[in-house]
Every structure is written in C-alpha cells, then in structure tokens.
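**Student:** Have a look at this one.
Each reported figure results from applying straightforward, stated rules to the coordinates on display, with no laboratory input. Remember, predicted model here, so these are calculated numbers, not experimental data. Here the Cβ positions follow ideal geometry from the backbone for every residue, glycine too, while neighbour counts run over all protein chains shown.
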Amino acid sequence: MAQHTTSLTPPIFNGDQYHIWAVKMKTFMRGQGLWQYVEEDKQPPALGPNPSLSQIRLHDEEATKSPRALSHIHAAVTEQVFTRIVAYEATKEAWDKLKEEFGGSDTTRNMHILNLRREFEMLKMQESESVKEYVDTLMNVVNKIRLMGEEMTDKRIVEKVLVSLPERFESKISSLEDSKDL
C-alpha cells in the first residue's frame with residue numbers, strides 16, 4: 001500500500017499581523033514536535049557513559065530539533081524580517097526578538113486591547129446589516145482581542161448580540177409605525 005505524505009510549509013510572516021502569524025506558527029511547530037524548542041530553548045540531555053547505539057541515535061535526533069525549529073522560523077519570514085533575526089543562533093532568542101519587535105510592548109499591547117474592547121462595546125447593528133453580518137463583524141473584533149491573549153467569554157459575546165437585536169427590531173417597528181401614520 002502506498003503511503004501518502006503531504007509536506008507542510010510554515011506560514012510566511014512579512015511584518016504585518018504578527019499575532020495571527022504567531023498563532024499559526026505555534027500550531028505548525030507543535031505539529032512538527034518542535035514547539036518546546038522555541039518556548040523553552042530545550043537542549044537534549046547529555047549522553048551518559050558507554051551509551052548504546054539507540055541512545056546515541058536518540059540523542060542525535062534530539063540534538064537536531066532546535067536547529068530545525070530555527071530553520072523553520074527562518075523559512076517562515078520574508079527577507080526583510082529575516083535580517084532582524086539573522087544574528088540569533090538560539091531558536092528562543094529569534095522567536096523572542098520577533099515577538100518583541102512585532103508583538104509590541106506590554107503598554108502597546110494593553111492599549112490595543114483597550115481600543116478593541118471599546119470597539120466591541122460601541123459596535124451596533126446597522127439598519128441594512130443582517131444578523132449574520134453583524135455577528136461576523138463582532139467576531140472579527142473578538143478574535144483580535146483573543147489573539148492578543150485577552151479573555152473574552154462566549155457568554156459576553158452572546159449578551160452583546162442579544163442586546164443588539166431588540167435595538168434593531170425596535171427601530172424597524174418604529175419605522176413601520178411611522179409609515180402607518182402617513
């Protein structure tokens with residue numbers, strides 16, 4: 001029986017929408033069994049005295065994982081972004097540099113979250129908008145908030161939608177009543 005394998009390629013980061021790329025890249029690296037080499041800068045354990053052939057093979061396999069993770073990061077960025085991490089030899093250092101430069105400082109991140117939360121709270125369903133369109137717009141904002149690492153409960157989202165529905169239908173009813181008066 002023929003074995004079908006697909007080659008997965010990492011998502012490419014060009015300097016825009018870092019948070020989305022970081023989530024995709026983290027998932028990609030987990031799928032490759034390499035995320036711990038990014039997150040923890042994990043190193044293989046040292047070989048003991050008189051290692052067996054299988055222990056040497058396992059050690060060699062583990063020793064290639066960190067450089068392979070770094071190689072995936074290098075392959076997942078454009079040349080312009082690559083120049084910013086080219087000097088880093090440790091996978092975690094390269095990842096942290098990208099996070100620092102494109103993810104923003106804590107202050108910037110908090111301001112961005114605050115603006116997104118304000119946008120969420122101010123969002124109203126438009127007269128010409130369907131419920132699906134409104135929910136899509138709302139979820140776009142919610143997903144941006146969640147990508148920034150902030151909690152947004154499903155309960156709060158449902159409340160927002162339910163509060164918006166009566167407002168919309170009240171205005172429709174009012175416009176129907178106004179047209180009856182004519």
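**Student:** Using the alpha-carbon atoms, what tilt in degrees (0 to 90, nearest 10) does helix 106-122 show relative to the longest principal axis of the chain?
**Tutor:** Roughly 30 degrees, rounded to the nearest 10.
**Student:** Place +1 on the Cβ of every Lys and Arg and -1 on the Cβ of every Asp and Glu in the chain, take the dipole about the Cα centre, and give the residue among 145, 55, 83 whose Cα lies farthest towards its positive end.
**Tutor:** Working it through, the farthest residue towards the positive pole turns out to be 55.
**Student:** What does the charge dipole of the chain about its Cα centre add up to, to the nearest 20 debye, if the Cβ of each Lys and Arg holds +1 and the Cβ of each Asp and Glu holds -1?
**Tutor:** Working: 24 positive and 29 negative charges, 94 e Å.
In total the dipole reaches around 460 debye.
**Student:** Scan around residue 13 for amide H atoms under 5 Å from its own, H built in the peptide plane at 1.01 Å from N, and keep only partners 5 or more places away or cross-chain.
**Tutor:** 77, 78
**Student:** Taking 25 Å as R0, compute the FRET efficiency from the Cβ-Cβ separation of residue 82 and residue 112 and round it to 0.05. Could you put the intermediate results ahead of the total?
**Tutor:** Values: r = 25 Å, r/R0 = 1.01.
Computed FRET efficiency for residue 82 and residue 112 comes out at 0.50.
**Student:** Report the calculated FRET efficiency for residue 9 and residue 165 (r = Cβ-Cβ distance, R0 = 35 Å), to the nearest 0.05.
**Tutor:** Numbers: r = 43 Å, r/R0 = 1.22.
With a Förster radius of 35 Å, E is 0.25.
**Student:** Using a Förster radius of 30 Å, what is the FRET efficiency between residue 148 and residue 62 based on their Cβ-Cβ separation? Nearest 0.05, please. Can you show the working numbers first?
**Tutor:** Working: r = 34 Å, r/R0 = 1.12.
After rounding, the FRET efficiency stands at 0.35.
**Student:** Treating the beta-carbon of each Lys and Arg as +1 and of each Asp and Glu as -1, no other charges, what is the dipole magnitude of segment 1-102 about its Cα centre, to the nearest 20 debye? Could the numbers behind the result be given before it?
**Tutor:** Numbers: 11 positive and 13 negative charges, 57 e Å.
Approximately 280 debye in magnitude.
**Student:** Tell me the mean residue ellipticity at 222 nm calculated for the chain from its helices only (DSSP H runs of n ≥ 4, each -39500 (n - 2.57), averaged over every residue, nearest 500). Don't jump to the answer; show the numbers that get you there.
**Tutor:** Numbers: 9 runs with 123 residues, N = 182.
When only DSSP H runs of four or more count, the value is -21500 deg cm²/dmol.
**Student:** Near residue 160, which aspartates and glutamates are there with a Cα under 20 Å away, not counting those fewer than 8 places off in the same chain?
**Tutor:** 119, 121, 127, 129, 133, 136, 150, 151, 170
**Student:** Okay, next question. Measure off 7 Å from each Cα along the Cα-to-Cβ vector at residue 137 and residue 93, then give the distance between these two points in nanometres to one decimal.
**Tutor:** It works out to 4.8 nm between the two label points.
**Student:** For the chain, set up a Gaussian network in which alpha carbons nearer than 10 Å are linked by springs, and say which option among 144, 155, 65 fluctuates the most.
**Tutor:** Highest fluctuation among the options: 155.
**Student:** Calculate how steeply helix 154-181 sits against the longest principal axis of the alpha-carbon atoms of the chain, using the helix alpha-carbon long axis, and give the answer as 0 to 90 degrees to the nearest 10.
**Tutor:** On a 0 to 90 degree scale, this one is about 20.
**Student:** Any chance you could give the angle, 0 to 90 degrees and rounded to 10, that helix 53-63 forms with the longest Cα principal axis of the chain?
**Tutor:** Tilt of helix 53-63: around 40 degrees.
**Student:** May I pose another question? Stokes-Einstein D for segment 18-103 at 20 °C, 1.002 mPa s, Kirkwood Rh over Cα pairs, in µm²/s? Each step should come with its number before you reach the end.
**Tutor:** Details: Rh = 13.8 Å.
Diffusion coefficient, whole number: 155 µm²/s.
**Student:** Taking segment 101-161, how much of its Cα-Cα pair set, in percent, is spaced more than 17 angstrom apart? If you can, show how the numbers build up before the last one.
**Tutor:** Values: 746 of 1830 pairs.
When all Cα pairs of segment 101-161 are counted, 41 percent exceed 17 Å.
**Student:** How would 21, 95, 35 line up from fewest to most surrounding beta-carbon atoms within 10 angstrom? Walk me through the numbers before you get to the answer.
**Tutor:** Details: 21 21, 95 24, 35 18.
With the sparsest Cβ surroundings first, the list reads 35, 21, 95.
**Student:** Taking +1 at the Cβ of each Lys and Arg and -1 at the Cβ of each Asp and Glu, which of 135, 8, 64 sits farthest along the dipole of the chain towards its positive end, judged by Cα position relative to the Cα centre?
**Tutor:** Going by the Cα projections, it comes out as 64.
**Student:** Among 125, 37, 27, which residue has its Cα furthest toward the positive end of the charge dipole of the chain, with +1 on Lys/Arg Cβ and -1 on Asp/Glu Cβ?
**Tutor:** Farthest towards the positive pole: 37.
**Student:** In addition: In a Gaussian network model over the chain where Cα atoms closer than 10 Å are linked, find which of 70, 53, 114 has the largest mean-square fluctuation.
**Tutor:** It is 53.
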